[in-house]
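This is the structure I want to talk about, given as structure tokens.
Here, each number is a calculation from the coordinates, and none is a lab measurement. As the structure is a prediction and not an experimental result, all values here were calculated from the model. In this analysis, Cβ positions are derived from the backbone assuming ideal geometry, glycine residues included, and neighbour counts consider all displayed protein chains.
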Amino acid sequence: MLGTGYLGATHAACLAACGHHVVGIDTDPERVALLQSGRAPFHEPGLDELLSRGVDSGRLTFHTDYAAAARDCNVHFVCVGTPQSAGSSAADLSALWAAVSSLGPLLDRPCLVVGKSTVPVGTAAHVRDRLRCLAPAGSAVGVAWNPEFLREGHAVEDSLRPDRLVFGAETNEADQVLRDVYAPLLAAGVPSVHTDLATAELAKVSANAMLATRISLVNLLAEVCEAADADVADLTTILGLDERIGSLFLTPGVGFGGGCLPKDTRAFVARAEELGLGEPAGLLREVDAINMRQRARTVDLAVSLLGGRASGCAVAVLGAAFKAGSDDVRDSPALDVAATLGARGAVVRVFDPEARDNARRVHPELSYPDDIESACRDVDLVLLLTDWPEFAGIDPVSLAEVVGTARIIDGRLALDPDKWRAAGWNFHALGRSAR
Ligand code: UDX
């Protein structure tokens, strides 16, 4: 397993749990040491247990050295990160090419290299050609693509019980290797789709583009609801009852963030432009723009509720992670809004049950109290920006006694406006009536 981030570490632990011998390889020695001690370097329910079981069984080991580790393996999964490039919306494939360059010269016998990283369509064919130049085994090195759809916070269950497995392969032999690797999941009835390399690469970015589009569409509807004095919560309930639409991924608010949806949407546009499809890809440019607009709209609403200026006001932000169940703050709408209010002169206190350390590393200028009450003491405004279940359970009567002014923005449609208003709160949510 080349790369041990959310994807590689989870996949390594899950394949070890399936009975395989797995070597996780990463260039970061601290990460490797932590994983080798059976602990995940990030918050992911169930992963520590699976890692320690794998390590204790002897089937799961972690290394920093490609040469020592990869040589004896039959299947090499490429799980390195493909973040957004600095200065462009395209994916940065430098870690992918570094992994290919390190691995290629070691491949001196028939084996399969399987891409799991999210890449622009067409990358797999380049990886195949490059490996065949680099590898002593030449054309005996096969390449397949097997995208991963795991969600942070559900990574283990999504890996062991995925909705589907996608095998992008050029030969029956490569497809058979993937069937063997995933035999326990296939035997348990997980559906599999067998396709070509390009379709498999596209599967991941397309799924994320569809999810991102859905969220931006409900955020557009929220804005229309505000202008028309309608209620977006009722509207999405109505939409979700349509079986063709379904109710998941229909929650409007401060928008999507994280290490995947934002950068994959942008990378999709960049790749479509390269393919001469810049015009139709305008849909996804707008999806990104609507999403970023939610953060600006939340800041604007906060500033207007504070009387037109944030400077000198005390604000509590509940949530720093990009979503509940994760300590990941990459491209987090919550932390972005908190930092913007801070930059405008507000004194911002952020509380998050898991993401505090990661948030502090990125925004040390904000303060991070230990609990909800300390974050909210004497503030002029509370913003709920990550959908942690404990925030939905806050008692508005008790919290009203702690704050300076009982005024709240619910950026995740997590609270019952009637209950909060009855407790004396000035309650606001994007897309909901201000009455
Ligand atoms: C996503 C995909 O779901 C997953 O299949 C892929 O492998 C990686 O990218 P993840 O980044 O873990 O997973 O987050 P996800 O649960 O999809 O949420 C993404 C963002 O959308 C979060 O910021 C979340 O708060 C937001 N969101 C989600 C909404 O704003 N509204 C919703 O209704 C659902």
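On a 0 to 90 degree scale, rounded to 10, what angle separates helix 123-134 from the longest Cα axis of the chain?
40 degrees
Regarding the range 60-182, what is the average projected area of its C-alpha convex hull, in nm²?
Averaged projected area of the range 60-182's Cα convex hull equals 8.5 nm².
For the range 281-326, what Kirkwood radius comes out of the mean inverse Cα-Cα distance, in Å?
After inverting the mean inverse Cα-Cα distance, the result is 12.9 Å.
Could I ask something else about it? Apply the Karplus parameterisation 6.51 cos²θ - 1.76 cosθ + 1.60, with θ equal to phi minus 60°, to every residue of the range 230-238 and state each ³J(HN,Hα) to the nearest whole Hz, in sequence, with x for glycine and proline.
10, 10, 6, 5, 5, 4, 6, 4, 5
Can you give the FRET efficiency for residue 74 and residue 244, using 1/(1 + (r/R0)^6), R0 = 56 Å, r = Cβ-Cβ distance, to the nearest 0.05?
0.80
P(r) of the range 97-138 in 10 Å steps, Cα pairs, percent per bin?
Bins of 10 Å from zero give 29, 59, 12 percent of pairs.
Could you quote the convex hull projected area for the range 302-389, Cα atoms only and averaged over all directions, in nm²?
Mean shadow area of the hull around the Cα atoms is 5.0 nm².
Take the Cα pairs of the range 239-329, get the Kirkwood Rh, then feed it into Stokes-Einstein at 37 °C and 0.692 mPa s and tell me D in µm²/s.
D, rounded to a whole number, is 206 µm²/s.
Taking the range 335-374 on its own, what percent of its Cα-Cα pair distances exceed 16 Å?
For the range 335-374, the fraction of Cα-Cα distances above 16 Å is 26 percent.
List the trypsin sites (Lys or Arg not before Pro) in the range 1-76 that DSSP assigns to loop (not H, G, I, E or B) and whose Cβ has at most 11 other Cβ atoms within 10 Å. Which are they?
In loop regions of the range 1-76 (DSSP not H, G, I, E or B), there are no sparsely surrounded trypsin sites (Lys or Arg not before Pro).
Here is a further query. Among bridges DSSP assigns within the chain, what percent are antiparallel (round to 5)?
10 percent
Moving on. Of the chain, which part is the longest with no GluC sites (Glu not before Pro) in a loop (DSSP not H, G, I, E, B) and with at most 12 other C-beta atoms within 10 angstrom?
1-242
Something else about it: In the range 30-102, how does Rg compare with the Kirkwood Rh, expressed as the Rg/Rh ratio over alpha carbon atoms?
Result for the range 30-102 is an Rg/Rh of 1.04.
Within the P(r) computed for the chain, what percentage of the Cα pairs occupies the region above 42 Å?
Result for the distance tail: 21 percent.
Then there is this: Relative contact order of the range 345-430, please, whole-number percent, based on alpha carbon pairs below 8 angstrom and at least 6 residues apart.
24 percent
I'd like the trypsin sites (Lys or Arg not before Pro) in the range 307-387 restricted to DSSP loop residues with at most 12 other Cβ atoms within 10 Å, sorted by number.
Hits after loop and neighbour filter: 309.
A further question on this structure: What are the extents of the Cα atoms of the range 121-215 along their three principal axes, in Å, largest first?
Taking the Cα atoms of the range 121-215, the three principal extents are 44, 32, 22 Å.
From the P(r) of the range 8-60, could you give the percentage of C-alpha pairs in the tail past 16 Å?
In whole percent, the long-distance tail amounts to 28.
Calculate how steeply helix 94-103 sits against the longest principal axis of the alpha-carbon atoms of the chain, using the helix alpha-carbon long axis, and give the answer as 0 to 90 degrees to the nearest 10.
20 degrees
Where the centre of each part is set by its Cα atoms, how far does the range 232-254 sit from the range 1-77, in angstrom?
Answer, in whole Å: 38.
A further question follows. Have a look at the range 145-297 and give its Rg and Dmax from the Cα atoms, expressed in angstrom.
Final numbers for Rg and Dmax: 18.2, 60 Å.
For the range 193-275, evaluate the Debye formula with one uniform point scatterer on each Cα (no solvent term) and list log10 I(q)/I(0) at q = 0.26 Å⁻¹, rounded to two decimals.
-1.19
May I ask you to work out the translational diffusion coefficient for the range 333-431 at 25 °C, viscosity 0.890 mPa s, via Stokes-Einstein with Rh from the Kirkwood sum over Cα pairs, reported in whole µm²/s?
D = 179 µm²/s.
For helix 172-181, report the angle its Cα long axis makes with the longest principal axis of the Cα atoms of the chain; keep it between 0 and 90° and round to the nearest 10°.
60 degrees
Using the alpha carbons of the range 224-376, what is the convex hull volume per residue in cubic angstrom, as a whole number?
154 Å³
Loop only by DSSP, 13 or fewer other Cβ within 10 Å of the Cβ. Give me the trypsin sites (Lys or Arg not before Pro) in the range 183-278 that pass, ordered by residue number.
Of the trypsin sites (Lys or Arg not before Pro), the ones in loops of the range 183-278 whose Cβ has at most 13 other Cβ atoms within 10 Å are 244.
Does the range 1-132 come out rounded, prolate or oblate by the C-alpha gyration tensor, with a ≥ b ≥ c the root eigenvalues, rounded set by a/c under 1.5 and, if not, prolate when a/b is larger than b/c and oblate if not?
oblate
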